Amino acid sequence: FQYLKRFDQGCNLDTFWYEALSVEGSPAECLQLFLLHCGILDPSWAELRNFTWFLNIQLRDCEASVFCNPDFIQDTLNGF
């Protein structure tokens, strides 16, 4: 949710890192963003769960990768 929220606001996601146990927004705002970005017109709860699960794993792996660390890559992969 935090990444999607910042993405919609046009923020630079290259420098954002998720903080565990931090809470932002309301449950309604969270659901609205998931529905907007999941890519399915009328998703079931299972489809929303799969979307959030997949997105969470991808973002966690991205944060853990040295190749996505802006301090390591400097400006060589800006926006990647």
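Give the angle, between 0 and 90 degrees and rounded to the nearest 10, that separates the Cα long axis of helix 27-37 from the longest principal axis of the Cα atoms of the chain. It works out to around 80 degrees. Just how large is the dipole of the chain about the Cα centre, in debye to the nearest 20, putting +1 at every Lys and Arg Cβ and -1 at every Asp and Glu Cβ? That gives the chain a dipole magnitude of about 160 debye. Solvent-accessible area per residue in the chain equals 78 Å², computed with a 1.4 angstrom probe and all protein chains kept.
Across GLU47, GLU19, GLU29, mean-square fluctuation computed from a Gaussian network of the chain (C-alpha pairs under 10 Å connected) peaks at GLU19.
The charge dipole of the stretch 1-44, taken about the Cα centre with unit charges on the Cβ atoms of Lys, Arg (+1) and Asp, Glu (-1), comes to about 20 debye, rounded to the nearest 20. Per residue of the chain, the DSSP helices (runs of n ≥ 4 H) give a summed -39500 (n - 2.57) that works out to -15500 deg cm²/dmol at 222 nm.
Among (i) 3, 12, 16, 20, 22, 15, 8, 4, 1; (ii) 3, 15, 29, 26, 17, 8, 2; (iii) 3, 13, 22, 24, 19, 11, 6, 2, 0, find the value of P(r) over Cα pairs in 5 Å bins from 0, in percent that was calculated from the structure presented, and write down its label. Answer label, from the structure shown: (iii). Farthest toward the positive end of the dipole of the chain, out of LEU41, TYR18, ASN69, is the Cα of LEU41, where the dipole comes from beta carbon charges about the Cα centre.
The values are calculated or read from the model by the stated rules, or taken from the named source; none is laboratory data. All values reported here derive from a predicted model rather than from experimental measurement. FYI the Cβ positions are ideal-geometry reconstructions off the backbone, even for glycines, and counts take in every protein chain you see. Heavy atoms of the whole protein, side chains included, go into the accessibility calculation; ligands, DNA and RNA do not. Shrake-Rupley method; radii C 1.70, N 1.55, O 1.52, S 1.80 Å.
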